[in-house]
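Working notes for the structure below.
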Amino acid sequence: LFLLLFLLLFLLLFLCGTARMFDEGLIIGDRYLEETANLDPRGQMLQGVALEAYNELKETVLWPDGWTTESDKEGVKVFSRAQRNAPNRLFLSESHFLCSLEDLFDVLYTQMDRVTEWNTSILSIELIERLSQHLDILYTVGVSGGAGLIKSREFLTLRYWLKERDMYYIASRDIHDPIKPNSGKYPRGFNGPCGYVFFPAMDGSVKLAYVVNVDLKLPLVPQKVINSTWLKWSMDSTWLYETK
């Protein structure tokens, strides 16, 4: 009898959880379809690209596999791993903040004019086009690094945010679009699906996962130099954000 009650309780919890996930999946799907319907063909294509980046970011953070610990100090953990279909390594940093989810979203997404105060890898940033409430295009210039071996790069980045249950996602990836041709001043850099995922932690803080996925197209620069540069930027950016 006890076993039967236990199995019935387990089944009830499972069905409730599945129903909640299904309902929220419908909400996300309805929102996506509504936004897509209001976009022109170019916007719909970019919306599809953004959704793919979101799905890859979500899979990277929530189902991690094959990560190597690069650093674990002062509250910041940094991991890296090789990619099957890209030459660059993927970097993931994890940290905790004593603030609300909404405050963290405001800083990471809305307050672009302050990004250079804490993100040490960005020299400048500009909003090029807002396609919808959840989708926009940014132009950024990265700083140089690696003792001068890594020159500044410019990036045209598609950015997409979504709130799913009690989790925020800010996904991004590079695009090729005539709205912002290469300036000629900097080489164009490339970044695959990357971004931020943050959610409440068990201790009451907000856990932030930050994924860096950049291919600088520098075959003559040792990969060790590139990796150490991204490691430093990932840690410095997190520490500086905490002070701001």
With the first residue restricted to the range 47-74 and required to be closer than 26 Å to T36 by Cα, and the second required to be in a helix (DSSP H, G or I) and open to solvent by 40 Å² or more (accessible area, probe 1.4 Å), Cβ contacts under 7 Å at 6 or more apart or on different chains are L51/Y32
Over the range 102-131, the set of residues open to solvent by 60 Å² or more (accessible area, probe 1.4 Å) and either touching a Cys at 6+ places or on another chain (Cβ under 7 Å) or at pLDDT below 85 (or both) is D113, R114, T116, E117
Expected single match for within 17 Å of the chain's Cα centre (by Cα), assigned to a strand (DSSP E or B) and not hydroxyl-bearing (S, T, Y) among D136, D106 is D136
Note: among L156, L208, just one is modelled with pLDDT of 95 or more, within 30 Å of T36 (Cβ to Cβ) and assigned to a strand (DSSP E or B), namely L156
Reported set for the range 114-135 where residues are β-branched (V, I, T) and over 22 Å from D177 (Cα atoms) is V115, T116, T120
Going through (1) in a helix (DSSP H, G or I); (2) of a type outside the set (V, I, T); (3) farther than 26 Å from P178 by Cα one by one, S93 fails only at (1)
Confirm whether S183 is surrounded by fewer than 16 Cβ atoms within 10 Å (Cβ to Cβ) and farther than 18 Å from N88 by Cβ. yes
Per the filter on the range 150-176, residues loosely packed, with under 14 Cβ neighbours inside 10 Å and among the acidic types (D, E) are D166
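The values are calculated or read from the model by the stated rules, or taken from the named source; none is laboratory data. Quick caveat, the model's predicted, so the values are computed rather than measured. We place every Cβ from the backbone using ideal geometry, glycine too, and count neighbours over all the protein chains shown. Accessible surface is based on the protein model in full, side chains and every heavy atom, while ligands, DNA and RNA are left aside. Shrake-Rupley method; radii C 1.70, N 1.55, O 1.52, S 1.80 Å.
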